[in-house]
């Protein structure tokens, strides 16, 4: 397979999906112009780590794999099972390692255990909380038999987080239709802090998010928990919040935000609420991030979903 990495969004998702498809199809892959549209084109640590992980899962060979490479060759071999480890050695997202590895692992000849190290809550990537509370519940409805657990959170710039994923193999994915959003039933959430940051910061994020959501959706129950990571359960200091909207038909929409230096905690909570509000107002059965992550599983399961954006509707029937 020949893939131009500059296609469409031209980022890491092109690379991850292409590598997973090559593994599943058993076809050699040649990618050029890797991440050509990014400010730092080519492979970064987390992308290289993901490719090496796919090569291990497929019993194959990776050529051209170095940080900064804009071209690689991936030759899959016999699909493997067992235990695998991958470490970005940076704060690069271990959640993006889940994205590239999961489609490969679910069709392995036997169970797979993945130990993934890196950042658990990072910019430009799904937070591990999003995977746990939004992605995996929907993926399980398709028959994905996997469990994810956090051994340790890792924050920028140190990383050092550990996420474990256990995957049982499947013969095929089950049909899933997400076409009826139903009514908004409740909104849940979790605001968290780690390191030297006091719990009061999480409470401020939760309070501001709750106020904004109650303003937008009066009468809908909102429950946002707060938590402070205990010593040894996190590397570095960080703050964040994840919100999930649940509907009468089982749809789950997410909104999240990470704390930043100089940004008041209430503003972080409001930003997450506004992101969730946009997803709800757009009227689809998934938010834009889940849509992105489900595409490869849709192709494997041969089903459809309905996504409504502010300016257009997209109906996909695979």
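Worth a mention:
- Some residue of region 3-11 being in contact with a helix residue (DSSP H, G or I) (Cβ under 7 Å, 6 or more places away or on another chain), buried (at least 22 other Cβ atoms within 10 Å of the Cβ) and more than 17 Å from residue 97 (Cβ to Cβ): yes
- Taking the conditions (1) over 20 Å from residue 230 (Cβ atoms); (2) touching a helix residue (DSSP H, G or I) at 6+ places or on another chain (Cβ under 8 Å); (3) assigned by TED's automatic domain parsing to the domain that holds residue 91 in turn, residue 106 satisfies each one other than (2).
- For region 76-90, the set of residues classified as modelled with pLDDT under 95 and either buried (at least 18 other Cβ atoms within 10 Å of the Cβ) or within 18 Å of residue 33 (Cα to Cα) (or both) consists of 76, 79, 80, 88, 90, listed by residue number.
- Within region 205-214, tally of residues that are buried (at least 21 other Cβ atoms within 10 Å of the Cβ) and farther than 14 Å from residue 256 by Cα: 0
- Qualifying residue in region 82-102 (condition: within 16 Å of residue 147 (Cβ to Cβ), part of a loop (DSSP other than H, G, I, E, B) and touching a residue at least 60 places away in the same chain (Cβ under 8 Å)): no
- Residues that are loosely packed, with under 13 Cβ neighbours inside 10 Å and within 22 Å of the chain's Cα centre (by Cα) within region 215-226 comprise just one, 225.
- Subset tally (residues that are under 15 Å from residue 296 (Cβ atoms) and surrounded by fewer than 22 Cβ atoms within 10 Å (Cβ to Cβ)) for region 91-127: 1
- Criterion (touching a residue at least 60 places away in the same chain (Cβ under 8 Å) and more than 22 Å from residue 149 (Cβ to Cβ)) met by exactly one of 44, 70: 70
- Residue 135, sole failed condition from (1) in contact with a strand residue (DSSP E or B) (Cβ under 7 Å, 6 or more places away or on another chain); (2) under 24 Å from residue 259 (Cα atoms); (3) modelled with pLDDT of 95 or more; (4) buried (at least 17 other Cβ atoms within 10 Å of the Cβ): (1)
- Within region 19-47, the set of residues being crowded, with 22+ Cβ neighbours inside 10 Å and in a helix (DSSP H, G or I) comprises 19, 20, 22, 23, 46, 47.
- Search result, residues across region 124-157 that are under 30 Å from residue 179 (Cα atoms) and assigned to a loop (DSSP other than H, G, I, E, B): 124, 125, 126, 127, 142, 143, 144
- Qualifying positions in region 167-193 - crowded, with 16+ Cβ neighbours inside 10 Å, within 30 Å of residue 115 (Cβ to Cβ) and modelled with pLDDT of 95 or more: 167, 188, 189, 190, 191, 192, 193
- Of the residues screened, residue 55 is one that is in the same structural domain as residue 154 (by TED's automatic domain parsing), more than 28 Å from residue 174 (Cβ to Cβ) and assigned to a helix (DSSP H, G or I).
- Listed here are the strands (runs of 3 or more DSSP E) enclosed by region 237-310 that have at least 3 residues being modelled with pLDDT of 95 or more: 238-247, 252-258.
- Residues within region 186-209 that are more than 24 Å from the chain's Cα centre (by Cα), within 30 Å of residue 283 (Cα to Cα) and either in a loop (DSSP other than H, G, I, E, B) or touching a residue at least 40 places away in the same chain (Cβ under 8 Å) (or both), tallied: 3
The values are calculated or read from the model by the stated rules, or taken from the named source; none is laboratory data. Not measured: the values here are computed from a predicted model. Glycine gets a Cβ as well: all are built from the backbone with ideal geometry, and neighbour counts include every protein chain shown.
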